[in-house]
């Protein structure tokens, strides 16, 4: 798919992209764009197992930095009835948890996600510290098993990172169950790396014209809550609003080397507290839509983005 | 498309590719080749706007250096009736000016363009100092609007380079109008970077079997003229000849830090004066052709190239 | 095609991948995978010459190192009747010699070739020191001519490497002739680089259910023999066994700077002597197969690999 638009970020003209940085001679408003081409290949054996693989080539321009495209790491799979085994650049069980991402085409606010501040497992500057499919890099190089049957789905993933002084592993699992209009989901991650143990719970309701979702995560001691609602307006528009609240890190963790997110502490990233956003989508037909969004992060950073998003 | 052939450059066996360089142990004759694969994607909205994107993967071998392929930066577009808006790796209004490039498949002489010495906006070692679509890199990351209606076409482009200490912008525009067999065109560029302001004028005539073109550019004070003629021979052959004349840089600009192209000055690049070339093309059918060309640059460098060029 | 599986290599947990290395904190068993996408393009001229080109994008994970995909260097060709001219990332006449590689889908043992110890032109840690098509890099940037007519085939290749202090060239040729169930082949390489002159001879028999092959190479003074046999079992299975024997390097070559492969010499790579392996393949249908193999190299390194291999 492709997407392009304008991104206003009040800190883009500051060194280090922080409000206290010196002016860097750049504009607060920049082009943000992505073009992604996905290659899917598969074949089926005589016994009914589907074997396949996927990789992507993606070109991005974000926050002043245009880029060429590169292939990512490949993911391989074998599917038999409800079971799927995947190897390589895996999705990851936390990443794939039901009710984690926003119900927008960009899975976040605006045209490029705007930092994905809306996700309850992103806290304290420790973003995306779980195994996730990488579109631009080589990914987790792990193994995972997915299973789906009727209203139930489950997912277990495992990866081992050989690139470190000693190898470190991440194990994660998720489950989801749908009863009527509501879906409940849970995900956990156990990691050898510091401050990465996570528990995630969500409950989502799909009530025809309205959608509502409540999500909570314990990020190795830092709680974050999110409440999300969206509504169809007419036949082509949808509007989404959300609010999140992030707790403070414990003083003991900071002493142990963890980032500090506490408000009113010198050197802190100030991520403690409330963030919110609003996103508007208008369907242009032919797989294209107009997408616009504003969000105020819990560290008081404002972004405004608008653009078009289209599939081929 | 693909193309491959042999390139004789009298300075390829010299360090720095200059005639006064020491022998570098290499051959004057080398393989030159390019393989380019273009990915075009588009969709149309209900209101008749076409949205799309393009990127390319290209592998080159030129002047002793074989290369693998890489994707370039993406270009996005929205087209509605005669108007086209493009974002990202834009074409650029100077690059797209009518009557700028040679009337050959390679847009220059020989099989790889041979340095594109024939173009009147390339002077004084300041080649391609305008916004142009980049097949190998990320390009200008700008915005442009194109318009065409009947015999008229126009094009305005804007880019801002955030990669510099302070951001620098380039604005360019072109217009062309066709009256009968003749087309007149003009292009201008205004740049924040030194010595990049340009004015380009061309008049081209398509007289059945014959083609003739006169082009002139003022390259921030350095004039360059070009006169070009080509003729079909039989049903499959075409021969093209050209001559260019480049003026000297002013002494004041050299003092201000500009390259020196004056003949008989020590340390000069000697690009002042006359260059010329001849190119022959033979259509092999099936989208393939044999292409050969010789050119003598204004700095007395001779190249001879021959090879095949084919589309898929 | 794609392939993925597990690779046990007894030295993967050792620094430098050698048995005497310190433990490196990694696992002996790792994921090995490759996803390759090939782009082939061609056109035909009116006179019946086919012009075309090929490049590949390939993502690999091998021996603890996952990788993204990159394009390789392009190869161009022109084919007319039995003759083919190729330019760029050429195959190479030694690489293309009949009877050089194992009769498996991976052309080696296991799922990723396991170091291709079975090939008689790989000796003394001087692996793949001939011109060969490169799937991940730019390759040899050479020129070659192939000819085939009935039972006869021949191939001459030439490349010149401009990347070195002085340019170095490799010339190679092969011939093969099939008489009934048997095929004899010979290949030679003459190189400007040290210790790369090679002579290769093979005789292969295709006896219905059974295949047998004897290969020999003189690797600039180091002889290596290989004996290979494979047998179909039932309709879907095939089993292959081989044994190789590598001679010692001469003391004079070691003094002249060549690697030392002699057993019981301090600092030697110990590649002198006998290596062997066994490979099992089971056809899963749909272009997919299960592949497994064990080999013991002449330097006493054991690998066990099993996985699936599939084409699209």
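Computed from the coordinates by the stated procedures, all read-outs in this text should not be read as laboratory data. Note that the structure is predicted; figures quoted are calculated from it, not measured. Here the Cβ is made from the backbone with ideal geometry for all residues, glycine too, and neighbour counts use every protein chain on show.
Most tightly packed first, judged by the mean number of other beta-carbon atoms within 10 Å of their residues, the peptides C:35-42, A:49-56 read A:49-56, C:35-42. Spin-label model, residue B:148 to residue A:10: label points 7 Å out along the Cα-to-beta-carbon direction sit 4.5 nm apart.
Using alpha-carbon pairs under 8 Å, 6+ residues apart, how would you state the relative contact order of chain B in percent?
Values: 847 pairs, mean separation 47.7, N = 312.
Relative contact order, chain B: 15 percent.
Name the most mobile residue of C:117, C:196, C:126, meaning the one with the largest mean-square fluctuation, in a Gaussian network model of chain C with Cα contacts below 10 Å. Its mean-square fluctuation being the largest, the pick is C:126. Placing a label point 7 Å from Cα along the Cα-to-Cβ direction at residue A:107 gives distances to the equivalent points in the other copies of 3.7, 3.7 nm, listed shortest first. Per-residue packing, averaged as other Cβ atoms within 10 Å, sorts the ranges A:74-85, C:203-214 into the order A:74-85, C:203-214, beginning with the highest. The value given for the range A:215-312 is a Kirkwood hydrodynamic radius of 15.6 Å, derived from the mean inverse Cα-Cα separation. For residue B:156, the distances from its label point to the matching points in the remaining copies are 6.3, 6.3 nm, ordered from shortest, with each point set 7 Å beyond Cα toward Cβ.
Semi-axes of the equivalent ellipsoid for the range B:131-220, computed as √(5λ) from the eigenvalues of its C-alpha gyration tensor and ordered from largest down, come to 29, 15, 12 Å. Each listed q (0.07, 0.10 Å⁻¹) maps to a log10 I(q)/I(0) for the protein assembly as shown from the Debye sum over equal C-alpha point scatterers, namely -0.75, -1.35.
Pairs of Cα atoms in the range A:93-153 fall into 10 Å distance bins, from 0 up to the last occupied one, in shares of 18, 46, 31, 5 percent. Once the Cβ-Cβ distance of residue C:107 and residue B:50 is raised to the sixth power relative to R0 = 56 Å, the FRET efficiency obtained is 0.75.
Please give the length that would be gained between residue A:178 and residue A:278 if that part of the chain were fully extended, namely 0.36 nm times their separation in residues minus their C-alpha to C-alpha distance (nm, one decimal). Write out the running numbers ahead of the final one.
Details: separation 100, 0.36 × 100 = 36.00 nm, distance 2.69 nm.
This chain segment gains 33.3 nm when fully extended.
Ascending distances from the residue A:203 label point to its copies in the other chains, with the point 7 Å along the Cα-to-beta-carbon line: 8.1, 8.1 nm. Per residue of peptide A:276-288, the mean number of Cβ atoms on other chains within 10 Å of the residue Cβ is 3.
Only bridges whose two residues both fall in the protein assembly as shown count here: according to DSSP, what percent of them are antiparallel, nearest 5? Spell out each step's value before the answer.
Numbers: 435 of 435 bridges.
Just about 100 percent of them are antiparallel.
Along each principal axis, taking the top coordinate minus the bottom one, the Cα set of the range C:2-310 gives 64, 51, 43 Å in descending order.
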